[in-house]
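Below is one structure, written out as structure tokens, with a few remarks after it.
The values are calculated or read from the model by the stated rules, or taken from the named source; none is laboratory data. On a predicted model such as this, the values are computed, not experimentally measured, just so you know. With ideal geometry, Cβ positions are generated from the backbone for all residues, glycine too; neighbour counts draw on all protein chains shown. Just the protein is used for accessible areas: all its heavy atoms, side chains included, with ligands, DNA and RNA removed. Shrake-Rupley method; radii C 1.70, N 1.55, O 1.52, S 1.80 Å.
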Amino acid sequence: MTKFKTLSTLLFLAICTLCCKQEVQKTTSSISSPSKEIEIDFSLLQKGIPSYVVKYKNKKVIDTSTLGFTLKDQINLSEGFEILETKIRSKNEDWEMPWGEQRVVQNHYNEIVVLLKETQAPNRLLNLYFRAYDDGVAFRYEFPKQEGLNEVIILDENSQFNLTDNHTTWWIPGDWDIYEHLYTESSFTDIDALSKRGHKALAQSNIPENAVNTPVTMRTQDGLHLSFHEANLTDYSGMTLKVDKENLMMTSELVGSDRLGYKVKRTLPFSSPWRTIHISKDAAGLIASNLIVNLNEPNKLGNVDWFTPMKYVGIWWEMHLNKSSWDLKSGKHGATTENAKKHIDFAAQNNIGGVLVEGWNTGWEHWIGFEDREGVFDFVTPYPDYDLEGVAAYAKEKGVQIIMHHETSAAPRTYDQQLDTAYALMNKLDIRSVKTGYVGKIIPKGEFHHGQWMVNHYRRVLETAAKYNIAINAHEPIKATGIRRTYPNAISREGLRGQEFNAWAPDGGNPPNHLSTIAFTRMLAGPIDFTPGVFNIKMDPYRSENQINTTLAQQLALYVVIYSPIQMACDLLENYENQPAFQFIRDVGVDWEQTKVLNGEVGDFVTIARQERKTGNWFVGSITDENKRDITINFDFLEKDKKYEAIIYKDGEDADWNDNPTSIQMENKEITNTSVEKFSLAAGGGLAISIKEKE
Ligand code: NOJ
Ligand code: CA
């Protein structure tokens with residue numbers, strides 16, 4: 001017995017030494033953020049395995065995590081490295097957004113570049129970049145030009161994110177085809193992406209394993225907030241994060257191509273997208289961060305003044321209400337010349353810059369439910385009851401922009417073939433933006449919306465459009481990764497459960513906590529075309545079985561809370577008639593000089609103040625989940641010694657998202673930068689304030 005004990009102790013010690021050997025760090029280099037609060041340590045583990053650790057105020061937030069690749073027809077690129085050189089660099093610059101949440105962005109970071117080489121044949125080179133900002137960290141791989149290696153086929157990127165605890169997590173499944181899932185709040189170990197398979201309202205969905213999509217946001221026991229995402233997704237596939245509950249670990253799981261049998265194929269030299277971690281002491285700091293745009297290349301397009309941020313109305317909600325249809329043969333075609341002109345008149349009278357017209361072109365009779373969608377949609381031929389040129393001319397005369405619509409039905413090759421002719425036509429008609437759509441399974445079979453092949457399609461669309469001075473608002477898009485900095489014609493996108501789900505989703509639409517979750521998750525990626533502004537909350541008589549699960553005041557607040565340089569007022573025009581609260585939509589800005597996140601908790605509530613660029617006017621939006629709550633707003637963001645006129649749009653005392661959603665009160669009040677005001681938000685409610693300096 002004693003002998004056995006001694007033996008097993010020895011064996012245990014031997015195993016420990018082996019494990020520990022793996023842990024022994026050969027070399028370490030560190031950088032910290034400009035504020036010194038965030039630190040990244042790079043180490044080569046014993047077998048020459050690259051790894052990193054992230055600390056916040058000297059406490060680990062990401063424990064030892066390894067980096068590497070599984071490659072096709074080659075030895076994996078994950079161990080046996082030595083360090084050739086380590087460089088430390090810094091940058092502190094300000095750059096201007098042509099349109100955005102703020103005009104000036106500070107880009108301040110410290111960086112380590114580690115040049116690695118395999119000690120044994122084939123002696124390949126791999127470089128790693130780590131950056132520490134005050135609002136988070138990022139790393140990326142670079143495959144430099146080298147002899148004997150011209151191309152790599154990546155079967156897996158194995159970037160680990162080793163969590164330090166079982167954090168509270170807000171996640172959607174790692175779907176390879178769509179992001180239009182509800183966020184679930186659970187502990188990390190309760191993530192169950194497979195339970196989200198088979199969603200009845202999604203025309204495309206592929207959830208291969210227990211992984212999450214990004215941004216995925218977490219809160220630690222200490223109240224620290226983390227969010228994992230990627231920046232500058234270029235010629236690579238989108239990253240999901242595989243969940244390893246036992247080890248509290250996430251590992252990158254790239255979206256693949258079943259058709260091609262790999263994840264990514266690239267010719268050297270190239271760099272991977274940045275893998276990013278937002279780190280903030282509070283939830284509000286996540287929204288205030290510019291980490292994602294800062295990790296992208298500067299503007300390549302130069303002056304994009306041809307695009308003006310704007311509000312828009314459109315021939316759209318009526319289709320989702322089933323009042324009209326995209327399809328001419330339905331007998332209730334929405335996109336008629338007369339209807340378009342009615343919308344143009346309304347826009348011109350109400351300080352609304354644009355009109356979206358869906359269903360104007362041929363092909364809609366062969367849309368959802370058809371397998372053979374190649375060659376169906378035509379992006380230059382209008383239906384006979386729609387005078388494309390006449391409507392464009394009428395809009396111009398009234399000073400309104402038409403927003404083009406191109407539903408590709410996920411047949412990107414058909415769209416690719418027509419890009420130049422479609423954009424040349426738009427250019428001729430002076431139509432400066434287009435909403436694109438990719439509903440359905442991708443043709444060819446085996447490709448997914450978020451794989452490298454489609455990432456390259458979405459980019460080609462952006463680049464081709466830019467040549468014609470055309471801006472893109474993509475639905476069913478690839479996720480936003482800050483590309484708007486480089487291509488400011490990437491104005492907005494969907495990539496979440498938008499307002500439309502409230503009209504027809506069999507699961508009852510978006511719950512009241514949806515947007516207070518979105519603000520801290522999807523919105524960290526970039527602008528959202530959510531399409532707020534429903535006044536007829538119960539949607540009678542068209543969708544009486546469903547409703548919008550917010551109050552009317554929350555619909556107004558969304559214009560400030562959910563950022564986009566284009567904001568729809570989506571309801572039927574008749575629902576805005578004789579509505580005093582519509583004044584807020586007339587007044588609200590869409591392009592911001594600065595943004596202040598005043599308070600918030602993920603999934604619960606958030607308050608944001610934004611100052612409009614041209615006028616200097618301020619707008620405040622506040623939203624809450626299914627719980628009513630009181631919030632206090634300190635107006636110290638206003639200028640000293642000035643008087644302001646505030647118009648306050650708040651939930652009525654008896655308002656409730658379900659029982660009394662349209663109860664709203666309006667009040668005018670003089671405020672100054674010493675004003676501190678308390679407001680009561682109803683369950684599912686909100687608050688919107690417009691603030692103008694007094695003459
Ligand atoms: C889905 C989009 O999200 C929606 O806004 C659009 O109306 C339809 N596709 C048709 O393109
Ligand atoms: Ca959609």
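When G526 is evaluated against the numbered criteria (1) within 15 Å of Y179 (Cα to Cα); (2) away from ligand 1 (no atom under 12 Å from the Cβ); (3) open to solvent by 20 Å² or more (accessible area, probe 1.4 Å), which criterion, by number, is the only one it fails?
The one condition G526 does not meet is (3).
When the stretch 451-478 is examined, which residues are found to be part of a loop (DSSP other than H, G, I, E, B), more than 16 Å from ligand 1 (Cβ to nearest atom), crowded, with 22+ Cβ neighbours inside 10 Å and not hydrophobic (A, V, I, L, M, F, W, C)?
Of everything in the stretch 451-478, just one residue is part of a loop (DSSP other than H, G, I, E, B), more than 16 Å from ligand 1 (Cβ to nearest atom), crowded, with 22+ Cβ neighbours inside 10 Å and not hydrophobic (A, V, I, L, M, F, W, C), namely G451.
Keeping to the stretch 601-629, report how many residues are open to solvent by less than 10 Å² (accessible area, probe 1.4 Å) and not basic (K, R).
Qualifying residue count for the region: 14.
In the stretch 199-240, what residues are modelled with pLDDT of 95 or more, in contact with a Ser or Thr (Cβ under 8 Å, 6 or more places away or on another chain) and open to solvent by 30 Å² or more (accessible area, probe 1.4 Å)?
The answer is R219, and nothing else.
Counting just the residues of the stretch 304-354 that are aliphatic (A, V, I, L, M) and more than 16 Å from ligand 1 (Cβ to nearest atom), which one comes out nearest to N469 (Cα to Cα)?
Checked the stretch 304-354; the qualifying residue nearest to N469 (Cα to Cα) is V304.
Identify the residue in the stretch 585-628 that is acidic (D, E) and in a loop (DSSP other than H, G, I, E, B) and, among all such residues, is farthest from the chain's Cα centre (by Cα).
The qualifying residue farthest from the chain's Cα centre (by Cα) is E626.
Just the residues that are among the hydrophobic types (A, V, I, L, M, F, W, C) and either within 16 Å of ligand 2 (Cβ to nearest atom) or farther than 20 Å from W367 by Cβ (or both), please, taken from the stretch 449-480.
Selection gives W453, M454, V455, L462, A465, A466, I470, A471, I472, A474, I478, A480.
Yes or no: E500 in contact (Cβ under 8 Å) with a residue 12 or more places away in the chain, touching a strand residue (DSSP E or B) at 6+ places or on another chain (Cβ under 9 Å), of a type outside the set (V, I, T) and within 16 Å of ligand 2 (Cβ to nearest atom)?
Considered against the rule, which asks whether it is in contact (Cβ under 8 Å) with a residue 12 or more places away in the chain, touching a strand residue (DSSP E or B) at 6+ places or on another chain (Cβ under 9 Å), of a type outside the set (V, I, T) and within 16 Å of ligand 2 (Cβ to nearest atom), E500 comes out as no.
Among the numbered conditions (1) within 23 Å of L356 (Cα to Cα); (2) surrounded by fewer than 24 Cβ atoms within 10 Å (Cβ to Cβ); (3) within 15 Å of ligand 1 (Cβ to nearest atom), tell me where N510 comes up short.
(1) is the only condition that N510 fails.
Looking at G495, G440, G508 in this structure, which one is assigned to a loop (DSSP other than H, G, I, E, B) and away from ligand 2 (no atom under 16 Å from the Cβ)?
Step by step, each of G495, G440, G508 is checked, and only G508 is assigned to a loop (DSSP other than H, G, I, E, B) and away from ligand 2 (no atom under 16 Å from the Cβ).
Whether any residue in the stretch 300-310 is acidic (D, E), open to solvent by 40 Å² or more (accessible area, probe 1.4 Å) and under 25 Å from the mean Cα position of the chain (by Cα) is what I want to check.
The answer is yes, given that some residue of the stretch 300-310 is acidic (D, E), open to solvent by 40 Å² or more (accessible area, probe 1.4 Å) and under 25 Å from the mean Cα position of the chain (by Cα).
I'm trying to understand the selection: among the residues of the stretch 530-585, which are without any contact (Cβ under 8 Å) to a residue 40 or more places away in the chain and touching a Cys at 6+ places or on another chain (Cβ under 8 Å)?
Scanning the stretch 530-585 gives a single hit, P532.
Test E500 against the criterion of being under 24 Å from Y458 (Cα atoms) and open to solvent by 10 Å² or more (accessible area, probe 1.4 Å), and give yes or no.
It is true that E500 is under 24 Å from Y458 (Cα atoms) and open to solvent by 10 Å² or more (accessible area, probe 1.4 Å).
Determine if the stretch 133-148 includes at least one residue that is of a type in the set (S, T, N, Q) and open to solvent by 60 Å² or more (accessible area, probe 1.4 Å).
no
Checking the structure you have, find out if any residue of the stretch 230-245 is of a type in the set (F, W, Y), touching a residue at least 24 places away in the same chain (Cβ under 8 Å), under 24 Å from G136 (Cβ atoms) and within 16 Å of ligand 1 (Cβ to nearest atom).
Checked against the condition, which is being of a type in the set (F, W, Y), touching a residue at least 24 places away in the same chain (Cβ under 8 Å), under 24 Å from G136 (Cβ atoms) and within 16 Å of ligand 1 (Cβ to nearest atom), the stretch 230-245 yields no hits at all.
So is N578 touching a Leu at 6+ places or on another chain (Cβ under 8 Å) and open to solvent by 30 Å² or more (accessible area, probe 1.4 Å) or not?
Spelling it out, it is not the case that N578 is touching a Leu at 6+ places or on another chain (Cβ under 8 Å) and open to solvent by 30 Å² or more (accessible area, probe 1.4 Å).
Tally up the residues in the stretch 422-450 that are surrounded by fewer than 17 Cβ atoms within 10 Å (Cβ to Cβ), of a type outside the set (D, E) and either on the phi > 0 side of the Ramachandran plot or within 13 Å of ligand 1 (Cβ to nearest atom) (or both), please.
The total comes to 1.
Go through the stretch 664-684 and give me each residue that's buried (at least 18 other Cβ atoms within 10 Å of the Cβ) and part of a loop (DSSP other than H, G, I, E, B).
Once the filter is applied, which keeps residues that are buried (at least 18 other Cβ atoms within 10 Å of the Cβ) and part of a loop (DSSP other than H, G, I, E, B), the stretch 664-684 yields A682, A683, G684.
So T632 fits all but one of (1) in contact (Cβ under 8 Å) with a residue 60 or more places away in the chain; (2) open to solvent by 10 Å² or more (accessible area, probe 1.4 Å); (3) of a type outside the set (D, E, K, R); what number is the exception?
Result: T632 passes all but (1).
Go through the stretch 210-225 residue by residue and tally those that are farther than 22 Å from A505 by Cα, part of a loop (DSSP other than H, G, I, E, B) and within 22 Å of the chain's Cα centre (by Cα).
Result for the stretch 210-225: 4.
Pairs needed: first member in the stretch 406-427, of a type in the set (K, R); second member anywhere, surrounded by fewer than 17 Cβ atoms within 10 Å (Cβ to Cβ); C-beta distance under 7 Å; at least 6 residues apart or different chains.
R413/E374
Do we have any residue at all in the stretch 13-28 that's touching an Asp or Glu at 6+ places or on another chain (Cβ under 9 Å), closer than 20 Å to N247 by Cβ and at pLDDT 95 or above?
No, because not a single residue in the stretch 13-28 is touching an Asp or Glu at 6+ places or on another chain (Cβ under 9 Å), closer than 20 Å to N247 by Cβ and at pLDDT 95 or above.
In the set I153, I172, which member is in contact (Cβ under 8 Å) with a residue 24 or more places away in the chain, more than 18 Å from G136 (Cβ to Cβ), out of contact with any Ser or Thr (no Cβ under 7 Å at 6 or more places or on another chain) and crowded, with 23+ Cβ neighbours inside 10 Å?
It is I172.
Identify all residues within the stretch 548-584 that are assigned to a helix (DSSP H, G or I) and not hydrophobic (A, V, I, L, M, F, W, C); write none if there are none.
Q554, Q555, Y559, E574, N575, Y576, Q583
Condition test on E695, is it at pLDDT below 95, open to solvent by 70 Å² or more (accessible area, probe 1.4 Å) and more than 32 Å from the chain's Cα centre (by Cα)?
Spelling it out, E695 is indeed at pLDDT below 95, open to solvent by 70 Å² or more (accessible area, probe 1.4 Å) and more than 32 Å from the chain's Cα centre (by Cα).
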